[in-house]
Structures are given as C-alpha cells and as structure tokens.
Amino acid sequence: MSQNKSILKRAFRPLEFMLMLGVLATFLVVLLEVVSRYIFHHSIAWGGEVCTTLLVWITFVGGAVALLDNGHMCVDLVMNRISSRGAKKFLGLIGSLAMLAFAVCGAFGGWKLAMRTWNMKTTTLQIPAGILYLAFPIGCVLIALVCLRRVFAALKAKGE
C-alpha cells in the first residue's frame, strides 16, 4: 500500500504546488481589492470573480489532496467502539466504496453541468462559466483515484 500511496503522492505533488499558487493568488487579489477600494476608492471589477473561481478550484482539488493525506476531519465515534480489527477494516472498505460511488456520480453529474454552462460567459472576465463548474468533476475524479487506491489496498490486505 505504501508504494501505491507514494506513486499517487508523487502524482499529486504538482497539484499541491498549484494549490499553493492558488491560495497565494487569492490572497494577492483580495489584498489588491482592499487597497484599491479603501485607499483609491475604486473597486476592481474582476477581483471577486477571480477569487470565487480560485476558491472553488482550491476547494475541490484540495479536497482530493487532503483525502490522500488523511487530512479531512473524521468522526470516529463508532470505529473507536469496535474492537475487532476485521470489522474495522470491513467498515473502512465500505466507507471507501461509498466515497468512490459519490465521486463517480459527482464526476458524471459535474461534467454534465460544466458542459451545459460552457457556452455561457462570466460577467467580468468573459470566460466560459463552465470553468468554474469544471472544478467539481475534476475534484471528484481525483477523489475517486484516492478511493480506488484505498479499496485495492483493503482488498489486498484481506488476501494476505
């Protein structure tokens, strides 16, 4: 499992860098907007739209990166009360399969929405509105990859 995780971790490394750039860009645009609005009394028209788009992408791609690193909050009240290691592994497998099912449904549904909105233009940037919505299916595909790795690792561990 550790080799599969290291391969996926290396594959996700460019995403981590892009997320850092996204957070930095969002910070700089918000800072520029605040300075422009309160010092020069002039609002930047495209600032809000850029920040919204970046934050949506950071959220969904970052969710997959956090899932790979086990960085999501976890309520393990039930798991802590189960003493059987086999039952814990089985419930973990069921949880991974449930996340995988959600990710697959989200990827297909999100792709349909992104394609339906692709010909619409955003208000200030005049870019396809589908770019904003494309973050969800891409994030779901990345989440599905992490879930598949977890499922295969759980099934491999059962066979050993």
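A few notes on this one:
- Considering the range 58-77, the residues that are β-branched (V, I, T) and free of Cβ contacts under 8 Å to residues at least 40 places away in the same chain include one that is farthest from G95 (Cα to Cα), namely I58.
- Some residue of the range 11-21 being more than 16 Å from the chain's Cα centre (by Cα), of a type in the set (A, V, I, L, M) and more than 19 Å from C140 (Cβ to Cβ): no
- There is no residue in the range 125-136 that is surrounded by 17 or more Cβ atoms within 10 Å (Cβ to Cβ), at pLDDT 90 or above and of a type in the set (S, T, N, Q).
- Checking each residue in the range 8-36 for being in contact with a helix residue (DSSP H, G or I) (Cβ under 9 Å, 6 or more places away or on another chain) and either free of Cβ contacts under 8 Å to residues at least 12 places away in the same chain or under 30 Å from K156 (Cβ atoms) (or both) picks out L8, K9, A11, F12, L15, E16, L19, S36.
- Filter result (under 19 Å from A153 (Cα atoms), surrounded by fewer than 13 Cβ atoms within 10 Å (Cβ to Cβ) and of a type in the set (S, T, N, Q)) within the range 71-96: S84
- For the range 78-97, the criterion of being in contact (Cβ under 8 Å) with a residue 12 or more places away in the chain, of a type in the set (G, A, S), closer than 25 Å to I143 by Cβ and in contact with a His (Cβ under 8 Å, 6 or more places away or on another chain) is satisfied by no residue at all.
- When the residues of the range 37-70 are filtered to those that are over 26 Å from A11 (Cα atoms) and among the aromatic types (F, W, Y), the one that is surrounded by the most Cβ atoms within 10 Å (Cβ to Cβ) is W46.
- Counting residues in the range 146-156 that are of a type in the set (D, E, K, R), under 23 Å from L8 (Cα atoms), out of contact with any helix residue (DSSP H, G or I) (no Cβ under 8 Å at 6 or more places or on another chain) and exposed (fewer than 13 other Cβ atoms within 10 Å of the Cβ) gives one or more.
The values are calculated or read from the model by the stated rules, or taken from the named source; none is laboratory data. These figures come from a predicted structure and were not determined experimentally. So basically every Cβ, Gly included, is an ideal-geometry build from the backbone, and we count neighbours across all protein chains shown.
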